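Novice: What follows is a single structure, and I will ask about it in a moment.
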Amino acid sequence: MLNMVYFAQMVDRTKVAEGGRIVIPAAYRKALGIKTGDEVLLKLDGGSLRVYSRAQAIRLAQKIVRKYVPEGVSLVDELLRERRQEAANE
């Protein structure tokens, strides 16, 4: 995630072009690790628009899930165990 002090220093203007397009300045793309052709995720947050790189979105999702899954527990292993159990019961 961007350091808030760093973010506060990075204030630029851009215009909304035809079709609702905006240009993300190069410094912002570099800070977020976004390259030409990358898919980004947008989120409305109150009165703000947040732009996430795919990697940031994955890290955020993992952080949220980690709150509910104890350390050392693998959800993949749990799912595989459940699927094997279901297959054995058929």
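Every read-out reported here was derived from the displayed coordinates using simple, explicitly stated rules and does not represent laboratory data. The shown structure was predicted, so the numbers you read here are calculated from the model rather than taken from an experiment. In this analysis, Cβ positions are derived from the backbone assuming ideal geometry, glycine residues included, and neighbour counts consider all displayed protein chains.
Novice: Can you work out ³J(HN,Hα) from phi for every residue in the stretch 20-29, in order, using Karplus 6.51 cos²θ - 1.76 cosθ + 1.60 and θ = phi - 60°, giving whole Hz and x for Gly and Pro?
Specialist: x, 7, 10, 9, 8, x, 4, 4, 5, 4
Novice: Calculate the FRET efficiency for residue 50 and residue 82 from the Cβ-Cβ distance with a Förster distance of 35 Å, rounded to the nearest 0.05.
Specialist: Efficiency, from the Cβ-Cβ distance: 0.50.
Novice: Can I ask one more? Work out, step by step, the length gained on full extension between residue 67 and residue 41: first 0.36 nm times the residue separation, then minus their alpha carbon distance; give nm to one decimal.
Specialist: Going from the current span to full extension adds 7.1 nm.
Novice: Counting pairwise Cα distances across the stretch 4-89, what percent come out greater than 17 angstrom?
Specialist: Percentage above 17 Å: 67.
Novice: For a quick protection proxy, order the peptides 26-32, 83-89 by their average other-Cβ count within 10 Å, most packed first.
Specialist: Output ranking for 26-32, 83-89: 26-32, 83-89.
Novice: Between helix 54-66 and the chain, what is the angle of the helix's C-alpha long axis to the longest principal axis, kept within 0 to 90° and rounded to the nearest 10?
Specialist: 50
Novice: Quickly work out the residue 23-to-residue 89 label distance, labels modelled 7 Å from Cα along the C-beta direction, and quote it in nm with one decimal.
Specialist: 5.9
Novice: Determine the calculated [θ] at 222 nm for the chain from helices alone, applying -39500 (n - 2.57) to every DSSP H run no shorter than 4 residues and normalising by the residue count; nearest 500 deg cm²/dmol.
Specialist: Calculated mean residue ellipticity at 222 nm is -13500 deg cm²/dmol.
Novice: Follow-up question, since we're still on this one. Exposure proxy check: 74, 53, 48 ranked by fewest other beta carbons within 10 Å?
Specialist: Numbers: 74 10, 53 18, 48 7.
In order of increasing Cβ crowding within 10 Å: 48, 74, 53.
Novice: Could you please rank 14, 36, placing first whichever residue has the fewest other Cβ atoms within 10 Å of its Cβ? Don't skip to the answer; put the middle values down first.
Specialist: Working: 14 11, 36 5.
Ranked by crowding around the Cβ, least crowded first: 36, 14.
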